[in-house]
1. Scan 60, 71 and give me the residue that is free of Cβ contacts under 8 Å to residues at least 40 places away in the same chain, surrounded by 16 or more Cβ atoms within 10 Å (Cβ to Cβ) and either out of contact with any strand residue (DSSP E or B) (no Cβ under 7 Å at 6 or more places or on another chain) or not in a helix (DSSP H, G or I) (or both).
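The values are calculated or read from the model by the stated rules, or taken from the named source; none is laboratory data. Nothing here was measured: the structure is a model prediction, and the numbers come from that model. Positions of Cβ are backbone-derived with ideal geometry, glycine not excepted, and every protein chain shown enters the neighbour counts.
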Amino acid sequence: MKKLMYTIALVIIGITSSNAQELGKRKFEGREGREDKLTSEQRAEKAAASLQKRLTLTDDQKQKVQQIELDRIKKNDEWRKQDDKAIKSKMEERKAFMTASKEKMDKILTEEQRQTLASTREDQRERMKEHRGKRPGRPGDRIPPAPPIKN
């Protein structure tokens, strides 16, 4: 009887642990690469369509925004492929490029559309700040170790 109980317990533990591992993989795979599966052009189209919906862009504005987004996406993909050290050294170049993209976008949009976009970006920043505080295990979230006790 004891052997049977131990065998059943081992089987239950084995099934539970294997299901837990698979569930973790599925969650990770579900999130992983949703945007990566889209091509640069598709991601630019998606971003332009989203802005058109939010800002009620004209077709001409949408085409120009899509081209700006495509340039931005391709440049970001390029930067992601580079080495970490190279990325850090290119931060100024990135900032200048992002500023130029913003200026191009501002030339296309009307004043009302610019204000709407600015408020949307501000809302996104706020949500990111809130979300950032909820993520466990981030380097900035760790509690520093207690100082060593001196005898």
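1. So the residue among 60, 71 that is free of Cβ contacts under 8 Å to residues at least 40 places away in the same chain, surrounded by 16 or more Cβ atoms within 10 Å (Cβ to Cβ) and either out of contact with any strand residue (DSSP E or B) (no Cβ under 7 Å at 6 or more places or on another chain) or not in a helix (DSSP H, G or I) (or both) is 71.
Matching residues to (1) under 27 Å from residue 52 (Cβ atoms); (2) at pLDDT 85 or above; (3) assigned to a loop (DSSP other than H, G, I, E, B):
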position	(1), (2), (3)
78	yes, no, no
113	yes, yes, no
140	no, no, no
145	no, no, yes
